[in-house]
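The values are calculated or read from the model by the stated rules, or taken from the named source; none is laboratory data. None of the values given here were measured: they were computed from a predicted structure. All Cβ positions, glycine included, derive from the backbone under ideal geometry; neighbour counts span all protein chains shown.
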């Protein structure tokens, strides 16, 4: 984080000791030292007083921190989204592969186990959809851009908004076909025709 460096730089530029700065913003010298050494961070009131004493805007005073925090948040969001995708892929593969062996060897218990697996898969997909909605990503191109840590420009965004309806229809069609195949396989497995 940059706030400690910024405070120290502006304090030295203003030719103030830690004690003098502390007196001007109504805190202790130790508090100033802690801020400058990144042990803790000033509250909003202190930031406003610091910007006033230094004669700089809050934006200039904390800009480095804001950018660093944004990058850390973005990196964390991307990491979580990628992990969710991996888990969901495993869940989907399990939904396709598991029904036959489970029903064949465990009969009714296999069906119940598969239904539990399907319920968790659906819950996981809703979790991913919630994350996508929070970051306003819907189409494949938007997801790829998000995973690369970038945003689409305004023209690309408008083009992708136009594609959303078609992509939703295609996704629903594929899900319906996969569901039909699974039902037919289960019927054949259970009833033999």
Point to revise | Residues satisfying the stated conditions in the stretch 143-160, i.e. under 21 Å from residue 81 (Cα atoms) and assigned to a helix (DSSP H, G or I) | key: 143, 144, 145, 146, 147, 157, 160
Check your understanding: Regarding residue 72, is this residue at pLDDT below 90 and in contact with a helix residue (DSSP H, G or I) (Cβ under 6 Å, 6 or more places away or on another chain)?
Key -> no
Review point. What is the one condition in (1) at pLDDT 90 or above; (2) not assigned by TED's automatic domain parsing to the domain that holds residue 112 that residue 51 does not satisfy?
Key: (1)
Check your understanding: Name the residues in the stretch 138-151 that are under 16 Å from residue 88 (Cβ atoms) and under 11 Å from the mean Cα position of the chain (by Cα), would you?
Key -> 146, 147
Review point. Can you name the residue in the stretch 78-106 that is without any contact (Cβ under 8 Å) to a residue 24 or more places away in the chain and in contact with a helix residue (DSSP H, G or I) (Cβ under 9 Å, 6 or more places away or on another chain) and is also farthest from residue 186 (Cα to Cα) among such residues?
Key: 106
